[in-house]
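The values are calculated or read from the model by the stated rules, or taken from the named source; none is laboratory data. Just so it is clear, the model here is predicted, and its values are computed rather than measured. Side chains included, ligands, DNA and RNA excluded: accessible areas come from the protein's heavy atoms. Shrake-Rupley method; radii C 1.70, N 1.55, O 1.52, S 1.80 Å.
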Amino acid sequence: KNPNRCADEYLDEIEDFIDFARTHNPGATRIRCPCRSCNNTLWETIENVLFHLVRNGMIETYSTWNHHREQLATRVDNVEPIVDPNEQVMDIINDAFPFASNNIN
């Protein structure tokens, strides 16, 4: 919430955000960029997100980092398993055509 993007406090908070995003997205090379320009709609490398946040500032209303897994970190009981999209498609096909062969070749 600090309007001075050169202030040590602002830069410290941005570093905290980047550390949080790295911790809660292990192995991710890109995350949603919460800068005012990208508005959490564009995926950027973590290094670019850091640059964007210093240059553009963070969206003022983004206080709960739900696109960066803050809700998952605080509400572990609501975590859904990660499902392969190909498996989801096969499940839908199997539900629609239960007598069809599983051989997709």
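Structure data summary
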item	result
Area of residue 19 that stays accessible when all protein chains are in place (1.4 Å probe, Å², to 10)	80
Difference of contour (0.36 nm per residue) and Cα-Cα distance, residue 61 to residue 92	7.4 nm
Heavy atoms of residue 97: accessible area, 1.4 Å probe, square angstrom to 10	130
Approximate shape of the range 1-65 as ellipsoid semi-axes (Cα gyration tensor, √5λ), whole Å, largest first	18, 13, 10
